[in-house]
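*Asks:* Structure below; questions to follow.
The values are calculated or read from the model by the stated rules, or taken from the named source; none is laboratory data. Everything numeric here is computed off the predicted structure, so don't read it as measured data. Every residue, glycine among them, receives a Cβ derived from its backbone with ideal geometry; neighbour counts consider all protein chains shown. Heavy atoms of the whole protein, side chains included, go into the accessibility calculation; ligands, DNA and RNA do not. Shrake-Rupley method; radii C 1.70, N 1.55, O 1.52, S 1.80 Å.
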Amino acid sequence: MTVVVKKMDDQGRIVVPKEWREKHPGKEYVLELGEDEVRMSPLKKENLTKYFDSVEVDLESDLSDWHAVRKELKRGRE
């Protein structure tokens, strides 16, 4: 871990070191606000395709009729 001392401007902005920004490119970050500290980490987008075909459901309804599928799935929860 590297320690860097930075000043905050009147609007609450702090410049993040260029090396860190280059290592973690992107526009969205997660800020964890503690009592006396702020932690910043890059927001990692989840790849949802890994969940494709991970759920199996036995349905009698035709998948082209989503209203019937929804009704059948709701009946299964009851």
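*Asks:* Only sites in a loop by DSSP and with at most 14 other Cβ atoms within 10 Å count here; which chymotrypsin sites (Phe, Trp or Tyr not before Pro) in region 1-54 make the cut?
*Replies:* Answer by residue number: PHE52.
*Asks:* Additional query: Keeping every protein chain present and rolling a 1.4 Å probe, give me the accessible area per residue for region 12-78 in Å².
*Replies:* Values: 6860 Å² over 67 residues.
With the other protein chains kept in place, region 12-78 gives 102 Å² per residue.
*Asks:* Please give every one of the lysines within straight-line cross-link reach of LYS7, meaning a C-alpha to C-alpha distance under 16 Å, and leave out same-chain neighbours fewer than 8 residues apart.
*Replies:* Qualifying lysines at Cα under 16 Å: LYS18.
*Asks:* Keeping all protein chains in place and using 1.4 angstrom, which order do ARG75, ARG70 fall into by accessible surface area, from largest down?
*Replies:* From most exposed to least exposed: ARG75, ARG70.
*Asks:* Angle between the Cα long axis of helix 66-77 and the longest principal axis of the chain, 0 to 90 degrees, nearest 10?
*Replies:* Once rounded, one gets 90 degrees.
*Asks:* Divide by every residue of the chain the summed helix terms, -39500 (n - 2.57) for each DSSP H run of at least 4, and state the resulting mean residue ellipticity at 222 nm, rounded to the nearest 500 deg cm²/dmol.
*Replies:* -6500 deg cm²/dmol
*Asks:* Work out the FRET efficiency for ASP53 and GLN11 from their Cβ-Cβ distance, taking R0 = 35 Å, and round it to the nearest 0.05.
*Replies:* Given R0 = 35 Å and the Cβ-Cβ separation, E is 0.15.
*Asks:* Can you give the charge dipole size of the chain about its Cα centre, rounded to the nearest 20 debye, using +1 on the beta carbon of Lys and Arg and -1 on the beta carbon of Asp and Glu?
*Replies:* Rounded to the nearest 20 debye, it is 440 debye.
*Asks:* Debye sum, Cα scatterers, the chain, no solvent: what log₁₀ I/I(0) at q = 0.19 1/Å?
*Replies:* Here log10 of I(q) over I(0) equals -0.96.
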